[in-house]
Amino acid sequence: MNTDPTINTPAPAANGDSDWLDAALAADGRSHREAYIDDSGFTARLTTALPAPATLPAWRKPALSALWAAAGLGVALALPTAATDVARELFRLAAHPVSLLEIVAAIAVLGAISWGGAAYVLRQD
Amino acid sequence: MAPPGVADAELIARVVVHDDRHAFAELVRRYQSPIRATLRRMTAGNHALADDLAQETFLLAYRNLKSFRHEARFPTWLHRIATNAFLADARKRKEELLGDRDGDVADEDDDADGASDGAGEGHERAASLKLDLERAMATLSEAERAAIIQCYHNDLTHEEAAYVLNCPVGTVKTHVLRAKQKLKLRLAAWNPEPDAAA
């Protein structure tokens, strides 16, 4: 609400005979805005009347997990060739021979990431 | 507990994301006074009803905070909810209110005459005018009273009042104009230049 009485107040009536009423309403409005109603426990009463926080039932999480597992199993059974293809590729990747150079490169990359991350976290702005 | 200096938007975000009741309590503490004061005006001084409506307002705000899109300032949004709660309640109580109002109008006419006869200049006169104005406001329709309160007491622009009252700007202007015409008639004794009004 605007505190400046010269801005955004409704324009007074064009006819001058309403000026006294405008002035009376404006004065009444000012006293209304300046008056403060003490809380007197209003906020405390209201917060106790707020609806209870929504808590999830204990069975909801395991039930959802079971549903997701069943859905995953259903998809795997519905697409048997896709599942076996994925499994075969995973085995093939795991059995892939790794050279010493690749191991060194992987360690170097992991080290750089770790040092960079630590430096970023411990930085002092 | 949320410190008093935290911005409304941050408190709202805490309530929406984490259901932070302390943050909501801080919002209530900040705006309980203007909301309750406005509702007291709208209910023509019925403090118990005003506080019930204020509680309903904040509970509705809590439930609907996720839908608050910051298209208006938070207190303006609260005033909109409060006004809707008042108008809905007034519709429910229409029959009862109309019955009571007949008696109030008769009393008020007597009081207005008395004030014009006995009130002097200065502070006493201003206090008497304020009292008569409050009584005259009680005779307005709910929509007219709400429009006057939003425009004069809450110092809103016609556009903001239209948002709060959930109606077009033209309707707000019409309500204000009609309300002022009625107030002018009711408070004619206070007009310093009665000939000019005639």
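At a glance:
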{"item": "Condition broken by A:Arg88, with the remaining ones in (1) open to solvent by 60 Å² or more (accessible area, probe 1.4 Å); (2) within 37 Å of the chain's Cα centre (by Cα); (3) at pLDDT 80 or above; (4) of a type outside the set (A, V, I, L, M, F, W, C) satisfied", "result": "(2)"}
{"item": "Test: residue in segment B:144-155 that is assigned to a loop (DSSP other than H, G, I, E, B), without any contact (Cβ under 8 Å) to a residue 60 or more places away in the chain and open to solvent by less than 60 Å² (accessible area, probe 1.4 Å)", "result": "yes"}
{"item": "Segments classed as helices (runs of 4 or more DSSP H), wholly inside segment A:33-125, with at least 2 members that are away from every other protein chain (no Cβ under 14 Å) and not acidic (Asp, Glu)", "result": "A:60-78, A:80-95, A:100-121"}
{"item": "Single residue of segment B:121-143 satisfying the filter (within 29 Å of B:Ala88 (Cβ to Cβ) and hydroxyl-bearing (Ser, Thr, Tyr)) that is surrounded by the fewest Cβ atoms within 10 Å (Cβ to Cβ)", "result": "B:Ser141"}
{"item": "Hits in segment A:1-32 (condition: within 7 Å of another protein chain (Cβ to nearest Cβ), open to solvent by less than 30 Å² (accessible area, probe 1.4 Å) and modelled with pLDDT of 85 or more)", "result": "A:Leu21, A:Ala24, A:Leu25, A:Asp28, A:Gly29"}
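The values are calculated or read from the model by the stated rules, or taken from the named source; none is laboratory data. Predicted model, so just to flag it, every value in this text is computed and none were measured. With ideal geometry, Cβ positions are generated from the backbone for all residues, glycine too; neighbour counts draw on all protein chains shown. Quick note on the areas: whole protein, heavy atoms, side chains included, nothing else; ligands and nucleic acids left out. Shrake-Rupley method; radii C 1.70, N 1.55, O 1.52, S 1.80 Å.
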